[in-house]
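Trainee: Supplied in structure tokens, the structure appears directly below.
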Amino acid sequence: MLKQLYIKNFTLIDELNVEFPSGFSVITGETGAGKSIILGAVSLLLGNRADTKQVKAGEQRCVVEAHFDISRYQLEPFFEENDIDYDAQDCIVRREVNANGKSRAFINDTPVSATLMRELGEQLVDIHSQHQNLLVSKEDFQRSVVDIIAADKPILDDYQQKYREFRTAEKAYEDFKEEIARNAQSTDFMQFQLSELTDAKLQENEQERLEQQRDTMSHAEEIKSSLYEAETLLSADENGIVAATQKAARLLQELTRFYPVAGELAERLNSCHIELKDIAGEVEKELENIDFDPRQLEIIHQRLDLLYSLQQKHQVDSVAELIAIRDELSRKIGHIENSDEELEKLRKEADALKQECLKKAKKLTSVRSKAAAQVEKEVENRLVALGIPNVRFKVELTEKPLSADGADKIIFLFSANKGTPMQPVSEVASGGEIARVMLSLKAIISGAVKLPTIIFDEIDTGVSGRVAEKMAQIMREMGDNDRQVISITHLPQIAASGTAHYRVSKAETSTGTQTKMARLSPEERINEIAQMLSGSEVTNEAIANAKQLLKAIK
């Protein structure tokens, strides 16, 4: 519920601070006085687009702030999810617009995005203007009315969960079907590639091993010559390093008895001798293994050429990557070969889920049909009272393909006159009739769920007299039981019905035109309604009529 509205430097408003009670409140004022400005300020709090034109001329910024009692709205999860302080009794929503075009939004002094403010605002205030009457032609609005009256949210949620599963399964089936079609066109080529890679008998680390063998054989003479020379230096009979170290160790060992240091050196030389002798043996062995075989080298070159060619063809750099491609091709071809079986499995899964959806959709249709009958009866009763005595109103449910909202196409049919066939309400109802249909629907909805604060912006356009009185009565009833309805009106019958009455006025001052809004006292209210009844000149008869009207409403 909107408790307080504060506006500063917003278009023609210097500063405004107004409190609102629960129940049914009315706002009146001459055309052009600024009622739309008040509504524009509230719309800004609902996350609507900010505009520098909203900042009063000569000021740096404007501020619009509202205090709400949200104790009945069950919004605590919203505040927890968005890490915003929660105060059920005093939720403060504020919007600031700077003259440079920047705007900021706050919920309980926490900076938020305009999108998040809009998400909260939609749950706090419902502004029903004349253009919103166009909603009555929208199928999703018509369906939502029936769903609210049916109280079918658990059934709808259950259906939608199963519908999502069905759509996922159906997509998997269609995607796989398309994949089969694509793969079928390239199966022969994939089979050729697989055969080529399979015939190559690829082995891990083969390329590195072959490249080493190639390098060794290509330099066999150079390697053999160096190994021979090294072997000669190490193992020559008298002058070889191995023999020389052995001889030096023996000479040092003979000095040990009178020169101990020589013994230590001899031991070190003996270790070197053993290592050198072992190295000499390895060199001799390698010398025997080195052999230049032109035929074997050619075989290695051919094998490497094949590997390089395959890598270039598949745009990879290693045999390991070729093996991965081979395995993936094998998987795909195997998949294609078993595709009919897999496709049939996916089709059966999708069909089974579709049947479950149809069962749940049928249950949804059943509860909607019962609710539709209730909506028809209540709307007709209200429209008769609102001055359409021969009205016929029908909620037509026809079957449609499964969708996220069920299998029901819902259309509101309407006829205002006897003998006139019913047609979609948006096609045959006049503007005034559509306004009354929407008011009736909002009244029905308000009895089924806890609607937020509802602001009716001149919904009474095109009606007068007894119909206006009945519209006022409906809005007043909607404001009962701690609900809040605010109506901007030009009709005295509706203005007299409000439990609180506010007047918007415009005045010329030394600083320019200013719009003001104030709650009227009982005496001021009589004068305002009298002026609405008689025009600019308030007569004694108009005052008497105003008093009578107020007395009759009470």
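Trainee: Please compute the alpha carbon radius of gyration of the range 173-332, then divide it by the globular-protein estimate 2.2 N^0.38 Å. Two decimals is fine.
Mentor: For the range 173-332, the normalised Cα radius of gyration is 1.92.
Trainee: Would you please name the GluC sites (Glu not before Pro) within the range 64-132 that are DSSP coil residues with at most 13 other C-beta atoms within 10 Å of their C-beta?
Mentor: Answer by residue number: Glu122.
Trainee: Give the carbon-plus-sulfur fraction of the accessible surface of the range 281-322 in %, rounded to a whole number; probe 1.4 Å, heavy atoms of protein chains only.
Mentor: With neighbouring chains kept in place, the figure for the range 281-322 is 44 percent.
Trainee: First obtain the Kirkwood hydrodynamic radius of the range 143-195 from its Cα pairs, then insert it into the Stokes-Einstein equation at 10 °C and 1.306 mPa s, and state the resulting D in µm² per second as a whole number.
Mentor: 110 µm²/s
Trainee: When N counts the residues of the chain, how does its alpha-carbon radius of gyration compare numerically with 2.2 N^0.38 Å, as a ratio?
Mentor: The reported ratio for this selection is 1.88.
Trainee: While we're here: Relative contact order for the range 363-422: what is it in percent, counting Cα pairs under 8 Å that are at least 6 residues apart?
Mentor: Across the range 363-422, relative contact order equals 31 percent.
Trainee: Report, for the chain, the % of DSSP beta bridges that are antiparallel, rounded to 5.
Mentor: Within the chain, antiparallel bridges account for around 75 percent of the total.
Trainee: Another question, then. State the dimensionless ratio Rg/Rh of the range 10-95 (Rg: radius of gyration of Cα atoms; Rh: Kirkwood radius).
Mentor: Taking Rh as the inverse mean 1/r over Cα pairs, Rg/Rh reads 1.01.
Trainee: When only C-alpha pairs under 8 Å and at least 6 residues apart count, what is the relative contact order of the range 406-552, in percent?
Mentor: 14 percent
Trainee: Would you please give the residues with an amide H less than 5 Å from that of Ser129, counting only those at least 5 places away or on a separate chain, with H modeled from the backbone geometry?
Mentor: Asp457
Trainee: At a 1.4 Å probe radius, carbon and sulfur cover how many percent of the accessible area of the range 337-486?
Mentor: 47 percent
Trainee: Provide the per residue accessible area, probe 1.4 Å, for the range 187-276, rounded to a whole number of square angstrom.
Mentor: Solvent-accessible surface per residue comes out at 71 Å².
Trainee: In the chain, with Lys and Arg counted as +1 and Asp and Glu as -1 at Cβ, which of these residues, Gly47, Tyr228, Ile494, has the Cα nearest the positive end of the dipole, that is, farthest along it?
Mentor: So the residue furthest toward the plus end is Ile494.
Trainee: Something else: Tell me which trypsin sites (Lys or Arg not before Pro) from the range 53-144 have a DSSP coil assignment and no more than 15 other beta carbons within 10 Å of their own.
Mentor: Here the sparse-neighbourhood loop sites are Arg72, Lys102, Lys138.
Trainee: Moving on to the next point. Normalised by the number of residues in the chain, what is the relative contact order in percent for Cα pairs under 8 Å and 6+ residues apart?
Mentor: 22 percent
Trainee: Applying the Karplus parametrisation 6.51 cos²θ - 1.76 cosθ + 1.60 with θ = phi - 60° to the phi angles of the range 494-505, what ³J(HN,Hα) value in whole Hz is obtained for each residue in order, glycine and proline being reported as x?
Mentor: 6, 4, 6, 7, x, 7, 9, 10, 10, 10, 9, 9
Trainee: Which of the pairs Lys102/Lys516; Lys153/Lys418; Lys138/Lys162; Lys102/Lys442 have their Cα atoms more than 32 Å apart in this structure?
Mentor: As for pairs spanning more than 32 Å Cα to Cα, those are Lys153/Lys418; Lys102/Lys442.
Trainee: Any idea what diffusion coefficient the range 490-538 gets from Stokes-Einstein, in µm²/s, Kirkwood Rh on alpha carbon pairs, 25 °C, 0.890 mPa s?
Mentor: 207 µm²/s
Trainee: Roughly what % of Cα-Cα distances in the range 405-554 sit above 23 Å, to the whole percent?
Mentor: 49 percent
Trainee: Sticking with this structure for a sec: Counting only DSSP beta bridges with both residues in the range 442-544, tell me the antiparallel percent, nearest 5.
Mentor: Roughly 65 percent of the beta bridges in the range 442-544 run antiparallel, per DSSP.
Trainee: Share of antiparallel DSSP beta bridges in the range 373-517, in percent to the nearest 5?
Mentor: Among the beta bridges of the range 373-517, antiparallel pairing accounts for roughly 80 percent.
Trainee: To continue, here is another question. On average, how much area does the Cα convex hull of the range 244-350 cover when viewed from any direction, in nm²?
Mentor: Quarter of the Cα hull surface area: 16.4 nm².
Trainee: With a 1.4 Å probe and all protein chains in place, put Arg268, Arg483, Arg392 in order of accessible area, largest first.
Mentor: Sorted by accessible area, descending: Arg268, Arg392, Arg483.
Trainee: Then there's this: Using a 1.4 Å probe, how large is the accessible area of Ile37, given in Å² and rounded to the nearest 10?
Mentor: Here the accessible area works out near 30 Å².
Trainee: Which value in nm describes the separation of the simple spin-label points at Thr398 and Asn98, placed 7 Å from the Cα toward the beta carbon?
Mentor: Distance between the two pseudo-spin positions: 5.5 nm.
Trainee: At 222 nm, what helix-only mean residue ellipticity would the chain give, in deg cm²/dmol to the nearest 500, using -39500 (n - 2.57) for each DSSP H run of four or more?
Mentor: -19000 deg cm²/dmol
Trainee: Let me ask another. I need the Debye-formula profile for the range 37-191: one equal scatterer per C-alpha, no solvent, reported as log10 I(q)/I(0) at q = 0.09, 0.10, 0.20 1/Å, two decimals.
Mentor: Scattering profile of the range 37-191, log10 relative to I(0): -0.53, -0.61, -1.25.
The values are calculated or read from the model by the stated rules, or taken from the named source; none is laboratory data. Only a predicted model underlies this, so the values are computations on that prediction, with no experimental measurement involved. For neighbour counting, all protein chains shown are included, and Cβ atoms are generated from backbone atoms with ideal geometry for every residue, glycine included. With ligands, DNA and RNA removed, areas are computed over all heavy atoms of the protein, side chains included. Shrake-Rupley method; radii C 1.70, N 1.55, O 1.52, S 1.80 Å.
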